[in-house]
1. Return the distance in nm (one decimal) between the two label points of a simple spin-label model at residue 112 and residue 159, each offset 7 Å from Cα along Cα→Cβ.
2. Would you calculate the convex hull of the Cα atoms in segment 70-203 and tell me its volume per residue in Å³?
3. Which FRET efficiency, nearest 0.05, do residue 129 and residue 84 yield, Cβ-Cβ r, R0 30 Å?
């Protein structure tokens with residue numbers, strides 16, 4: 001059998017719940033932030049607006065870049081070469097498996113540079129994941145590993161399919177040609193630095209393949 005005190009407590013609780021169900025804020029509801037005050041409503045709306053904005057930014061962060069952003073700005077990234085690589089020693093340097101990986105700069109260096117250069121390039125898209133901090137003249141073609149003149153934030157997705165993964169395919173093709181002595185190293189370096197899209201059309205074809213390519217490249 002319930003005591004009078006317990007019965008009274010249950011009755012009080014049921015009364016409070018009934019008031020909440022009718023839309024009348026009780027002391028208990030107010031205490032836990034469940035009341036219908038304008039301040040609480042404003043807070044909820046602010047949170048909702050914030051999370052909607054976060055969702056939209058994540059949903060659209062991989063927006064496609066215009067074609068003009070497929071090439072680096074020559075004033076900011078003219079390209080730079082690695083003096084340790086020459087035509088005479090390609091079979092002791094760039095044509096040795098794993099060479100590019102052995103001289104690749106650490107991620108802490110390239111990520112810091114990527115953040116800075118995204119601002120310098122004036123890109124509206126500031127998501128790091130949408131870019132590859134790319135060597136304009138690939139390491140696999142004798143490009144400088146660390147010079148900021150040879151590194152730029154290349155977008156993954158560009159109008160027409162001319163994104164970073166298409167350039168990776170060109171780098172692989174030029175590397176094969178150079179290492180099989182079908183193309184001089186200096187020619188490959190010059191063409192990829194001047195206009196990699198034109199070089200792609202010349203050595204691969206008119207339609208870019210921007211699917212990710214896995215190989216030990218210079219980037």
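1. Modelled inter-label distance: 3.6 nm.
2. Values: hull volume 13.1 nm³, N = 134.
Spread over its residues, the Cα hull of segment 70-203 gives 98 Å³ apiece.
3. Values: r = 32 Å, r/R0 = 1.06.
For R0 = 30 Å, the calculated efficiency reads 0.40.
Laboratory data are not the source of any read-out in this text; all were calculated from the coordinates shown. Keep in mind that this is a model prediction, so the values were computed, not measured. Note: ideal-geometry Cβ built from the backbone for every residue, glycine included; neighbour counts use all protein chains shown.
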